[in-house]
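Here's the structure we're looking at; comments come further down.
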Amino acid sequence: MRWETVRECNFCGGTNTRGFLRLSTSNWYDNRPLQLEECADCRLVRATPRPERRDLYRDYLIGTSRALQHVRKRMVRPNLLANHRRVLEEAAKLGIRPLRSIYEMGCGAGTFLMAARTLGIDGEGNDVNLVAVKMLQELGFKVRHGFTSELDFREMAFDGTVTFNYLEESYEPFVDLKRSFDLLKPGGVAYIRSLYLGCPEHKAAGEAWKVFGAGLFHYYYPETLHAMIEAAGYKILDTRLRNVAIVFAVREN
């Protein structure tokens, strides 16, 4: 597996960092230690070095049995559709325009899109997992295969966007937030959910926090997440800090 060093902060572009965490016991890659650095300017925390993403996601990109297992695992989580419907119903109340269409970055097994369909909302998305993409396409969803930052979204516009436990997995979270904003029609609403530093679970577990490990490449303090969302163009409508951060934001114009 090829590796890369992240020299610039994806949010502010800064190169000044301070060490945040080094774990040799974490579930990282190639038996290497997990190393996290904090941007000295905006406090966005990133994993570096990290695997090159096409090597890391090779099984997903070509659709191996590992990709299929991941889809099956995500489909059996309890109460998914009901929980997603509640989120969409709340987003519909907060948005300025009627919620008739949504786009989800990193849509995975498509459970948000399925929930949207039950409410009469058209759902589209993208994911790197070829198995998931083909399954959703067979169900009639418009789903694209590939990394968000590499897809062409010109002439696409939606009433809502969803980034559900996605930004912490992204190699380019601020780029993705800006693309999410560009996908919205004026008055459209975004639902953003992410893990965050300083949440109750993190405070209780410290370095043993279970999410320090494979699959996550950025970590956020609430104030940094807010700054990124606003810098992408959004107006924040509501924030809830539980064991995850939940943010509703709107594109005003």
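A short reminder: the numbers here are calculations on the coordinates, not readings from a lab. What you see is a predicted model; the values in this text were computed from it and never measured. Backbone-built Cβ (ideal geometry, glycine too); neighbour counts: all protein chains shown.
Could you work out how far helix 65-75 tilts from the main Cα principal axis of the chain, as a 0 to 90 degree angle to the nearest 10? Approximately 60 degrees, to the nearest ten.
Protection proxy ranking of 11-18, 71-78, 223-230, 104-111, by the mean of other Cβ atoms within 10 Å over each peptide's residues and highest first, is 104-111, 223-230, 11-18, 71-78.
Run the numbers on the chain and let me know its relative contact order in percent, using alpha-carbon pairs under 8 Å that are six or more apart. The normalised contact order for the chain reaches 18 percent.
Hey, if you drop one equal point scatterer on each alpha-carbon of the stretch 70-147 and run the Debye formula without solvent, what base-10 log of I(q)/I(0) do you get at q = 0.16, 0.25 Å⁻¹? The Debye formula, applied to the Cα set alone, gives -0.55, -1.19. Annotation: amide H-H contacts under 5 Å for Ala190 (H modelled 1.01 Å from N, sequence separation of 5 or more, or interchain): Thr161, Ala249, Val250, Arg251. Among Leu139, Leu99, Leu56, the largest mean-square fluctuation in a Gaussian network model of the chain (Cα springs under 10 Å) belongs to Leu139.
Modelled label positions at Gln69 and Val211, each set 7 Å beyond Cα in the direction of Cβ, lie 2.4 nm from each other. Residues whose amide H lies under 5 Å from that of Glu169, counting only those 5 or more places away or on a different chain, are Phe217; hydrogens are built 1.01 Å from N in the peptide plane. Angle, helix 80-94 long axis vs. longest principal axis of the chain, Cα atoms, 0 to 90°, nearest 10? With both axes taken from Cα atoms, the answer is about 70 degrees.
Relative to the longest principal axis of the Cα atoms of the chain, the long axis of helix 222-231 lies at roughly 60 degrees. Looking at the chain, what % of its DSSP beta bridges pair antiparallel, to the nearest 5? Taking every DSSP beta bridge with both residues in the chain, the antiparallel ones total about 60 percent.
Which value, in debye to the nearest 20, gives the size of the charge dipole of the chain about its Cα centre, when Lys and Arg are +1 and Asp and Glu are -1 at the Cβ?
Working: 36 positive and 31 negative charges, 126 e Å.
Its charge dipole is roughly 600 debye.
Within the listed set Arg193, Arg43, Arg54, the Gaussian network model of the chain (springs between alpha-carbon atoms below 10 Å) gives the highest mean-square fluctuation for Arg54. Rounded to the nearest 500, the helix-only mean residue ellipticity at 222 nm of the chain stands at -8500 deg cm²/dmol, with each DSSP H run of n ≥ 4 adding -39,500 (n - 2.57).
Grab the Cα-Cα distance for Glu150 and Val175, subtract it from 0.36 nm times how many residues apart they are, and report the gain in nm with one decimal. Mind showing how you got there, number by number?
Numbers: separation 25, 0.36 × 25 = 9.00 nm, distance 1.06 nm.
Stretched fully, the Glu150-Val175 segment lengthens by 7.9 nm.
Each of Ile192, Ile62, Ile96 has some number of other Cβ atoms within 10 Å of its Cβ, and from fewest to most they run Ile62, Ile96, Ile192.
Between Leu80 and Leu23, the modelled label-to-label distance comes to 2.5 nm, taking each label 7 Å out from Cα in the direction of the beta carbon. Extension gain for Ala204-Asp55 works out to 50.2 nm (0.36 nm per residue, less the C-alpha to C-alpha distance).
Distance from the alpha carbon centroid of the stretch 38-53 to that of the stretch 79-99 works out to 32 angstrom.
Find the centroid of the Cα atoms in the stretch 219-253 and in the stretch 127-143, then give the distance between the two in whole Å. So the separation of the two Cα centres works out to 28 Å.
Applying 1/(1 + (r/R0)^6) with r as the Cβ-Cβ distance of Leu241 and Glu138 and R0 = 41 angstrom yields a FRET efficiency of 0.60.
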